[in-house]
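Laboratory data are not the source of any read-out in this text; all were calculated from the coordinates shown. Since the model is a prediction, treat every value here as computed from it, not as a measurement. Note: ideal-geometry Cβ built from the backbone for every residue, glycine included; neighbour counts use all protein chains shown.
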Amino acid sequence: MPIRAVPIFPSRRFRPNALFETRVHKLDECLWQPMRTLFAVVFVLGLLTEAFAQGSILPEKPEPFKLTEGSSFTASGTSTTRKTRKISGDIAEAEALIRENLAGNLPTGPELTRSAAVGALRSLDPHSNFFDKREWQDLLDQEDSAYTGIGATIQSYETDGVLSTYILDAIPGSGAAAAGLRYGDRIIAVNGRSALGLSTDEVRDLLRGPDRSTVSIKLERAANGRTEVIVLKRASIRQPSIPDFYILEPGIGYIDLSEGFNFTTSDEMDLALRRLKQQGMTSLILDLRGNPGGIVQQAVKVAEKFLPAGTLILKQRGRFASDSRDWYSKNAAPETMPLVVLVNQDTASASEIVAGAFQDNDRAMIVGTRTFGKGLVQSVIDLPFGTGATITAARYLTPSGRSIQRDYTRIGLYEYYKHVSPADAIQSTFFEARTATGRRVLGGNGIEPDTVVSESEMTRSEADLLKPLFFYVRDTRTGSGRQPNLSGLMASVSVKVRSRDASFLEGRLKYEIAVAESGTTRAKRVLNETDPQIHAGVKALSSAKDLYLAAQNIVQSPIAKANVNR
């Protein structure tokens, strides 16, 4: 079974435990032993990286096993090593003890094995993980900038005490668009299973499936209230890294790079830059907010578009020499326009590489809130039975030598992802470094923006307006002929709320209308009009220009000059 050692940063949004329950019920007793063997393989792989993850000292001559591109190993039950057979036997013994003594519902063998595999890898660090067949395919789809489904955006709202899922828009050229799915159409059932009471994610999982397979959807049309059943063929739906780019205001371009770094990111960036310059762009706001990461090589290529040849972008340090390298720009003609990069708490991994490279080289002003703080590089490993694993193979450092990885050794997984840190960790001194112009920057806790601007958070009263706004627009913009429920909308809004949140009500109504008429991607431009971080980014462009010029005036060191031809 081949092992692909492509360093990636798995998406933070990926749900590692989702969907497994449906699959394991199809596994019978005869597959327990292969599943145990699979866990044994995963466990041994984890042991090989444990010393690196925990920083312990390795033997001078470790076993000659390396996760390198093109290498392979066998993980079948007929050719396991003595070590994996022993681990598999121990797992079987543990399962037997559980079956004999557990009070309550008995987990299946595969469920127990999977939990053990996930637990073993998660004990190394928060980002080493095991994926079942469905999860693994989802992860590979993210790399390929696509997923297999019908191409519709959906959202759930509760009505009369029952959660219902509605269509927001259909991607042009998709099966959903061909079938005429429209804003406000309600999904009643999928393949005969009722969708009522299911969450958005649960309905999404029902709609997705193997390429070219069919899915039957029972709908209530928003336009006329009629119920109909349509049959769609699932297909690969392109999911670009850059969902939108446009001229924000005269001379200022905006690129929304929020959907991770995948195999097409660099090409998408080239297209966006070319189109925006044709429209008169002379400065740029690059939005990395919510970007969960992705393929490190693509992040380097994006940074390289703005950094001259010889500029250090990234340092990568791993257990083996093959996992350690320095990445330099090879671009002899980089973009020189003023640049501002927007970040937030959900800007993670590969996107932090880009932000860190720009900050350390004084190429851009970073605006927003502190980033996620993930500085670990994972190898993506194919395993038997269509499963896979991600195992930390290296750490990365910004050009100034700082790690942005947050401490995860004293907190649980929940606290880690919720950014809950011990009080003593918050007060601790982080690694200090200097940028190209001598500005002070810190490591050990993500990327701290040059200009800190908080995001506008929705209040409880504002959140309560979302449902009545949706149904008001559904009644008025779908040609249903129903009387617009304006009185109901206003009745749900108190006089106090109307006076306090009038601007939110007006802006959100404008956004919802834009979703109905143009789709969710284009409608986001409406929200950008009142986004405080984007407004701060526009103001920071002049400072970004001054910073870039100051960095350019610094004489390159002999080392930097020598790197130009790398």
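In this structure, K133 and K330 have a Cβ-Cβ separation that, at R0 = 22 Å, corresponds to a calculated FRET efficiency of about 0.05.
Under a point-charge model restricted to the Cβ atoms of Lys and Arg (+1) and Asp and Glu (-1), what is the dipole moment magnitude of the stretch 146-238 relative to its Cα centre, in debye to the nearest 20?
Working: 12 positive and 10 negative charges, 82 e Å.
So the magnitude is around 400 debye.
Close amide H contacts of A394 (hydrogens built in the peptide plane, cut-off under 5 Å, sequence separation of 5 or more or a different chain): V377. Note on the stretch 358-463: along the principal axes its Cα atoms extend 50, 45, 29 Å, ordered by decreasing extent. Projected label points at E220 and R439, each 7 Å from Cα along the beta carbon direction, are separated by 5.4 nanometres.
What does the net charge come to around P334 if you take all other residues with beta carbon closer than 13 Å to its beta carbon, with K and R at +1 and D and E at -1? Working shown, then result.
Details: positive: K301, K305, K330, R363; negative: D270, E304, E335.
Within the 13 Å Cβ shell, the charges total +1.
Considering the zone a paramagnetic label at A551 would reach in this model (a point 7 Å from Cα along the Cα-to-Cβ line), which residues of the stretch 266-288 have amide N under 15 Å from it? Of the residues in the stretch 266-288, 284-286 have backbone N under 15 Å from the label point off A551. Between R212 and S199, the modelled labels are 3.4 nm apart [label points 7 Å from Cα along Cα→Cβ]. DSSP beta bridges fully contained in the stretch 332-476 are about 60 percent antiparallel.
What translational D, rounded to a whole number of µm²/s, comes out for the stretch 146-238 from Stokes-Einstein when the hydrodynamic radius is the Kirkwood one over Cα pairs, at 4 °C and 1.567 mPa s?
For the chosen part, D equals 100 µm²/s.
Per-residue packing, averaged as other Cβ atoms within 10 Å, sorts the ranges 298-311, 234-247, 201-214, 343-356 into the order 343-356, 298-311, 234-247, 201-214, beginning with the highest.
For the stretch 274-396, the Kirkwood hydrodynamic radius comes to 15.6 Å, computed from all pairs of different C-alpha atoms.
Stretched out fully, how many nm does the piece from A502 to F431 gain, at 0.36 nm a residue minus the Cα gap? Can you show the working numbers first?
On the way: separation 71, 0.36 × 71 = 25.56 nm, distance 4.52 nm.
In short, 21.0 nm is gained.
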